[in-house]
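The values are calculated or read from the model by the stated rules, or taken from the named source; none is laboratory data. Predicted model, so just to flag it, every value in this text is computed and none were measured. So basically every Cβ, Gly included, is an ideal-geometry build from the backbone, and we count neighbours across all protein chains shown. In case anyone asks, the SASA skips ligands and DNA or RNA and just uses the protein heavy atoms, side chains included. Shrake-Rupley method; radii C 1.70, N 1.55, O 1.52, S 1.80 Å.
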Amino acid sequence: MFSRSVLQHSGSSLWFDMQVCAGHGDQRDQLDSGVAAVVRVCETIEHPVERALLRMDGQFGGIPSIASCRSRGVRFLTRCSRYALLD
């Protein structure tokens, strides 16, 4: 069994980052790698990081994922996977 995470630009389908991990993988490492890739691409093309949007599926809808994006100034859209956060 392995897990795969891919960070893909929605307009061009260009892959910015990809990881393949044994088992379920380390979600935090996968997300940190993806967020770092977004920041790197924005800096390379001189695009403001605050104008980038990272769209994530529900797997990344918890506190660590939200904190990782916020700490680097990357805006995000995700489906919350931890409904207790809404209370």
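Here the chain has 53 percent of its accessible surface on carbon and sulfur atoms, given a 1.4 Å probe and all protein chains in place.
Of 78, 44, the residue with the largest accessible area leads and the full order is 44, 78 (1.4 Å probe). Rolling a 1.4 angstrom probe over the protein heavy atoms with all chains in place gives the range 20-87 an accessible area of 67 Å² per residue.
Label-to-label distance, residue 9 versus residue 55, with points set 7 angstrom from Cα along the beta-carbon direction: 1.6 nm. Stretched out straight at 0.36 nm per residue, the stretch from residue 43 to residue 29 would grow longer than its current Cα-Cα span by 2.9 nm. For the range 25-83, what class follows from the C-alpha gyration tensor (a ≥ b ≥ c being the square roots of its eigenvalues): rounded when a/c is under 1.5, otherwise prolate if a/b is larger than b/c, else oblate? Since a/c reaches 1.5 and a/b is larger than b/c, the shape of the range 25-83 is classed as prolate. Springs join every pair of Cα atoms under 10 Å in this Gaussian network model of the chain, and among 53, 14, 77 the largest mean-square fluctuation is at 14.
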